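Report on one structure; see the data block that follows.
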Amino acid sequence: MIDRRLVFLGALALACMVAFMTIGLRGNLGFVLSLRAIKLIALIEVGIAIAVSTVVFQTVTANRILTPSIMGIDALYLFAQILLVFLLGGLAYTSLDAKLKFGVEVVALMALSLGLILPMLRTRLDMGFLLLVGVVIGVLFRSLHSLIARVIDPNDFAVAQASSYANFNDINSELLTVASLLTLAALVFVWHARHVLDVVALGRDTAIGLGINWTRTQVACLLLVASLVAVSTALVGPVAFLGLLFVALAERIVTTRRHSILIPAVALVAIIVLVGGQTLFQHLLGNSSTLGVVVEFAGGVVFLILLWRGSRK
Amino acid sequence: MSIAANQIGVLLATLVLAALFLVSLGVGAGDVTLFGLWHGTAELDLLAISRLPRTVAVVLTGAGLAIAGLIMQAITRNRFVEPSTAGTAQSAELGILIVTLLWPAASLGFKTLAASVTALLGTAFFLMTAHRLPPTQPFLVPLFGLVYGSVLGAVATLIAWQLDLLQYLSIWSSGDFSGVLRGRYELLWIGAFLVVAAWLVADRLTIMALGRDASIGLGIDYARMMQLGLGIISVISAVTVVVVGVVPFVGLVVPNLVSRLMGDNLRATLPVVAVSGAILLLACDILGRLIRFPYEIPVGTVMGIVGALLFLVLIFQPRVRG
Amino acid sequence: MIRIENVSLAFGKTNILKEISVSIPKGGITALIGPNGAGKSSLLGLAARLLPLQAGDISVDNLSVSSTSGKVLAKKIAILRQDNHVGSRLTVRELVGFGRFPHSHGHLTENDHRIIDESLRLFGLTEMSERLLDTLSGGQRQRALVAMAYCQDTDYLLLDEPLNNLDMYFASELMKSLRNIADTRAKTIVIVLHDINYAGSFADRIIAMKDGQVVADGKPADIMTETALGGIYGFNIPVISVGGQPIALPFRR
Ligand SMILES: Nc1ncnc2c1ncn2[C@@H]1O[C@H](COP(=O)(O)OP(=O)(O)OP(=O)(O)O)[C@@H](O)[C@H]1O
Ligand SMILES: [Mg+2]
């Protein structure tokens, strides 16, 4: 039996999509609709990527206020991106096919995550410490990114600024097909592993006791997270707290941590917030560029509240 | 720490700073040579209008930020906080933004005043909140501060975005000394006065770091010292943000490094912290000028890398006993 | 004289102290005993103005703690809290030296140095006076904190469980030192103790608290009896006499 709340979320998500496609239609219908469809797909994809990566990351780190971005993985992506430009030479690299480039970046990010993030998760440090390190690593890679950007092109003062907030307005739709495939594959994988994830959520020792190959699972999850972060960052840029917002909302609604329910719920919440928010901002408020900042703001506040509550138990 | 070793430390730091000061005068897009200084007035002008003010500004900022971090760490009793990780700098940004909005023609002095007030409010809120986080988890406080700062930053971005002030905001949010000229940096001297003021109450600050009970037991007006500390932190941060923009990590890593070497008796270490702050920032600024000569990398970016690395080393390295 | 009049204290709805009235005249050692949570630390905290008074009044030599300036009181009364987390990297001498702050405000005079040296010696710290606090053992750190309170050189000294973490030798040394300064310097010492045998041997007077009230108050000989102790702690504590000195044996089965 499908959970009633999931049905409700699904209906709401559908309503948001319909609203997004239909409100304020004007001019050449065919053209506008196809334009909107592309954007809709991109938004859904980004939402799912952020939602699923956050759930998996939280499960595998046994930590409810962690997101891949708080641990600096998206900053790592930006860094990997610019590092490749630097290493392969600007011209040669930029003339590569966008899809191929994205593929290389995803692989580079996976390698970097395994090299940097995995050892940190392994040390089983105190949560606050881990978070702090993640945030500082984020600052480090963002700074490295803007340093290299300036070394490559001293006049490009926009780089640092452009990469600091997610922008849902001009989505990089060139990558849409690759990104779709990647997201879909990840979704299938996660769905397939949903019961394993339930066990993983019980913590390392219990999971091993129940016969999970912990190392392999941890690595697989991290690779999955890395590829999803690459998808969302490539499409819209870095998001720090969005995933947290989605998961916190979804958990509130379905009141369970069981992955077979949580994962669809989070994905639907993500779609509702992003598509609904975009509809609201673009068609009704007539100003869509600020959605990213607004949701980030909300996510940050949620983070502070969670931290505050969690620490005072 | 014996008195002699202490003095050697101060002397050494001062010498390094002096050397860097001279280097800084010589590095930049235009050449300054001793020969040229002797003969031409153009180079003298360059020195007097741009290079010297810039170098002085860096020194004042570095010293001020390091002391602001030191004070903040003493009054929160947490080694991992500083103004840019506690929402202070972001509150100051918000203040300037609001003034720019309401009264675009306001003078730099007035903007500083407004920024100081908002910095004060923002930091006071942070301190009140941080105070209630469990002391057994010291890393929560800076984490809370960092996210609090980024939430405030989001508010500022949102406002700036709506009103097309993003460009201004990016000036304030990333520290850069390349625009410092004579006549445009003098507010930073306020920071120098506050550093001296901090030195006058150094003993009290050391006692504050022992905790509220110990402070009151020793007859210190705890609430007033708290306000004083808060005031110094806010004004230094505000002045810095107004003149050069946010410079991260100086207030974090410098006091920690000095504490590792010389302990926490602030009467002895406070001058060293100030000088070391100046050294670190000046070194980073010079580095920023050299990496892609003749273009400049803003000091905020260089500091973001150097500071983050130093910070990671600091928190990963277990405290040395001895 | 410390005069405590009708003092009550509540945290939220819980009453921690209930209408306590007690005076501690100048001179001598007064031991404060009682089960965990009785309110001993709270009472000391109020007397040393670390907690704001909610009801009643406390005065030290006729100076009301709620209205007298902190600076003046810091020369009158010193307190050692039950739990102290010193995170600063200070040497033992630096820490103890801060006990002189109320007098010299950081500009240490000859006299200050003399007192610091004496405190270090008194509490067996001379050897380790240049060591950093975080390199000391728990008991050594505790002694440094007691030395700091002593160094404040006040007429009244409030010590909340100063024997925490001390070994037998230093516990008895500390008590002897306190006895000594109480006798020779006319200091007034109020000390919270959980080992009632120390209280029985060294104190001039024992005040027992339970559930926020004073339940017994008198000379050691009056308190160190099976009936009195049983009433305070709620279980049977045999008391024997060794050379005329009553010794409680709570560990006897
Ligand atoms: N800040 C506070 N908030 C709420 N309750 C408190 C607070 N401080 C103390 N209490 C409560 O007040 C009561 C008395 O505490 P107090 O520390 O004075 O006891 P004590 O006699 O010193 O005990 P111990 O022997 O364990 O040190 C206890 O029940 C304690 O739980
Ligand atoms: Mg107690």
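The values are calculated or read from the model by the stated rules, or taken from the named source; none is laboratory data. What you see is a predicted model, and the numbers here were worked out from it, not measured in a lab. Backbone-built Cβ (ideal geometry, glycine too); neighbour counts: all protein chains shown.
Per this entry, C:E118 is not counted among residues that are of a type outside the set (A, V, I, L, M, F, W, C), free of Cβ contacts under 8 Å to residues at least 12 places away in the same chain and farther than 21 Å from C:K176 by Cα. Taken over region C:195-228, residues that are within 25 Å of C:D167 (Cβ to Cβ) and within 16 Å of ligand 1 (Cβ to nearest atom) amount to 5.
Can you tell me how many residues in region C:3-18 are touching a residue at least 40 places away in the same chain (Cβ under 8 Å) and away from ligand 2 (no atom under 14 Å from the Cβ)? So the count comes out to 9. Only a single criterion out of (1) surrounded by 20 or more Cβ atoms within 10 Å (Cβ to Cβ); (2) facing chain A (nearest Cβ under 10 Å); (3) outside any helix (DSSP H, G or I) is not satisfied by B:L252, namely (3).
Taking C:L158 as the residue in question, decide whether it is in a loop (DSSP other than H, G, I, E, B), assigned by TED's automatic domain parsing to the domain that holds C:V239 and within 16 Å of ligand 1 (Cβ to nearest atom). In short, no. C:P52 is checked against (1) in a loop (DSSP other than H, G, I, E, B); (2) within 16 Å of ligand 2 (Cβ to nearest atom) and fails just one. What number does that condition carry? All conditions pass for C:P52, except number (2). Restricting the first member to region C:28-41 and to residues that are under 9 Å from C:K210 (Cβ atoms), and the second to residues that are within 9 Å of ligand 2 (Cβ to nearest atom) and outside any strand (DSSP E or B), the beta-carbon pairs closer than 7 Å and six or more apart or on different chains are C:G34/C:K40. Scanning region C:60-96 for residues that are more than 9 Å from chain B (Cβ to nearest Cβ) and either assigned to a helix (DSSP H, G or I) or within 16 Å of ligand 1 (Cβ to nearest atom) (or both) turns up C:Q82, C:D83, C:V92, C:R93, C:V96.
Checking the structure you have, find out if any residue of region C:39-58 is within 16 Å of ligand 1 (Cβ to nearest atom), within 13 Å of chain B (Cβ to nearest Cβ) and among the charged types (D, E, K, R). Give the derivation first.
Our first condition is that a residue be within 16 Å of ligand 1 (Cβ to nearest atom); within region C:39-58, this holds for C:39-56, C:58.
Of the ones still in play, those that are also within 13 Å of chain B (Cβ to nearest Cβ) are C:41-42, C:44-52.
Imposing the further condition that a residue be among the charged types (D, E, K, R) reduces the set to C:49.
Within region C:39-58, one or more residues are within 16 Å of ligand 1 (Cβ to nearest atom), within 13 Å of chain B (Cβ to nearest Cβ) and among the charged types (D, E, K, R).
Per the conditions (1) within 16 Å of ligand 2 (Cβ to nearest atom); (2) under 23 Å from C:K75 (Cβ atoms); (3) more than 14 Å from chain B (Cβ to nearest Cβ), the sole criterion not satisfied by C:L145 is (3).
Look at (1) surrounded by fewer than 22 Cβ atoms within 10 Å (Cβ to Cβ); (2) farther than 26 Å from B:Y222 by Cα and you find that C:L120 fails only one, number (1).
From the list A:L66, A:L96, A:L121, the lone residue that is free of Cβ contacts under 8 Å to residues at least 12 places away in the same chain and either hydrophobic (A, V, I, L, M, F, W, C) or touching a Phe, Trp or Tyr at 6+ places or on another chain (Cβ under 7 Å) (or both) is A:L96. Taken over region C:18-38, the criterion of being under 24 Å from C:D155 (Cβ atoms) and either outside any strand (DSSP E or B) or near ligand 1 (Cβ under 8 Å from one of its atoms) (or both) is satisfied by C:P25, C:K26, C:G27. At least 3 residues being within 14 Å of chain C (Cβ to nearest Cβ) is the threshold, and among the helices (runs of 4 or more DSSP H) wholly inside region B:162-231 those reaching it are B:189-200, B:202-208, B:212-217.
Being out of contact with any Lys or Arg (no Cβ under 8 Å at 6 or more places or on another chain), of a type in the set (V, I, T), more than 16 Å from B:V16 (Cβ to Cβ) and touching a residue at least 60 places away in the same chain (Cβ under 8 Å) narrows it down to one residue among B:V302, B:V242, B:V313, B:V247; which is it?
Answer to the check: B:V247.
Restricting attention to region A:168-211, the residues that are touching a Phe, Trp or Tyr at 6+ places or on another chain (Cβ under 7 Å) and under 30 Å from A:V275 (Cβ atoms) add up to 2.
Filter region B:119-156 down to the residues that are farther than 18 Å from B:V247 by Cα, facing chain A (nearest Cβ under 10 Å) and not aliphatic (A, V, I, L, M) and list them by number. Correct list: B:T129, B:R132, B:P134, B:T136, B:Q137, B:P138, B:F139, B:F144.
Checking every residue in region C:215-226 against the condition of being farther than 19 Å from C:I29 by Cβ and not in a strand (DSSP E or B) gives at least one match. Among residues of region B:276-292 that are outside any helix (DSSP H, G or I), those with a Cβ under 9 angstrom from a residue that is surrounded by fewer than 20 Cβ atoms within 10 Å (Cβ to Cβ), sequence gap 6+ or separate chain, pair up as B:R292/A:V151; B:R292/A:P154.
Among the helices (runs of 4 or more DSSP H) confined wholly to region A:179-253, which include 2 or more residues that are crowded, with 18+ Cβ neighbours inside 10 Å? Steps first, please.
Working: elements: A:194-200, A:204-209, A:214-236.
Here the list reads A:194-200, A:214-236.
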